[in-house]
1. Given 0.36 nm per residue, what is the gain on full extension from SER74 to ARG27 after removing their alpha carbon distance, in nm?
2. Multiply the residue separation of LYS98 and ASP19 by 0.36 nm, subtract the distance between their alpha-carbon atoms, and state the gained length in nm to one decimal.
3. What is the sum of charges, Lys and Arg at +1 and Asp and Glu at -1, for the other residues whose Cβ falls under 14 Å from the Cβ of HIS184?
4. Taking a cut-off of 15 Å, what percent of all Cα-Cα pairs in segment 127-184 are separated by more than that?
5. Between ASN120 and ASP158, how many nm apart are label points set 7 Å from Cα along the C-beta direction?
6. What ranking, highest mean first, results for peptides 159-166, 96-103 when packing means the other Cβ atoms within 10 Å averaged over each residue?
7. Among the listed pairs LYS75/LYS150; LYS150/LYS181; LYS128/LYS150; LYS75/LYS157; LYS98/LYS128; LYS150/LYS170, which are separated by more than 24 Å between their Cα atoms?
8. With every protein chain present, what accessible area does THR135 have (1.4 Å probe, heavy atoms only), rounded to the nearest 10 Å²?
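The values are calculated or read from the model by the stated rules, or taken from the named source; none is laboratory data. From a predicted model like this one, the values you see are computed outputs, not experimental measurements. With ideal geometry, Cβ positions are generated from the backbone for all residues, glycine too; neighbour counts draw on all protein chains shown. For accessibility, only protein heavy atoms count, side chains too; no ligands or nucleic acids. Shrake-Rupley method; radii C 1.70, N 1.55, O 1.52, S 1.80 Å.
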Amino acid sequence: MTASLPRQAMTPDEPPPEDRGHRIRRRALTLLIIVLLIGVPAGYLVISAEQSRDSGKDKERKWAARGLTEAWPSKVQRHIYEVPVPRQADGEGILSTKVAYYETNNWRTSRLYVQFMTTNAGLDYFFKAMGVPRTSLQKDTFPISARDQKIVGWEFKDPGPWWGLAHAQKNPAPTQHLVVKWSHPNHYMVYVVSRTTP
């Protein structure tokens, strides 16, 4: 007769052996937790980015519907976009009238649209402050795009003469496109689109 060995009792610290079904459920639960921890925040970021981009487009459309505002752009706007709307010259009083502006911003490009009427001295000041010779203007040239004209409702169809200029600069300096109408002596209507890329 063979003597049987006594069974060793399991110590309370050791877990019971895991069966196959339990192991599959545990791995599936672990995988689900990992997917939720990574997938949910990633999905949220994608959705948030889309909503932010769409919101910027909606804001641009909303503000574009308003058109130009009859007022002076702020000093900060004039500085950032480098649009030196002339105010005074040698005590002669205000040189610019009919000043209006409109600004658009999105994640790629920011634009400032400005129009104003000024005198001969005001136009000289404007070009000197921009650092561009006034002689750079070209007759019957319209560098402001049809898209930009449409946004603010500008139409360059009236009898002129019309003059235009594109002043391109390296980033981060803005690029300006402008059109000048000279229909009366010492009265110039200036249209400017200044674009910056953040």
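1. Here the segment from SER74 to ARG27 would lengthen by 10.8 nm.
2. The span from LYS98 to ASP19 would gain 20.0 nm if fully extended.
3. Cβ neighbours under 14 Å give a net charge of +1.
4. In whole percent, the share of Cα-Cα pairs in segment 127-184 beyond 15 Å is 53.
5. 2.1
6. Per-residue Cβ counts within 10 Å, averaged per peptide and sorted highest first, yield 96-103, 159-166.
7. Violating the 24 Å Cα-Cα cut-off are LYS75/LYS150; LYS128/LYS150; LYS75/LYS157; LYS150/LYS170.
8. 130
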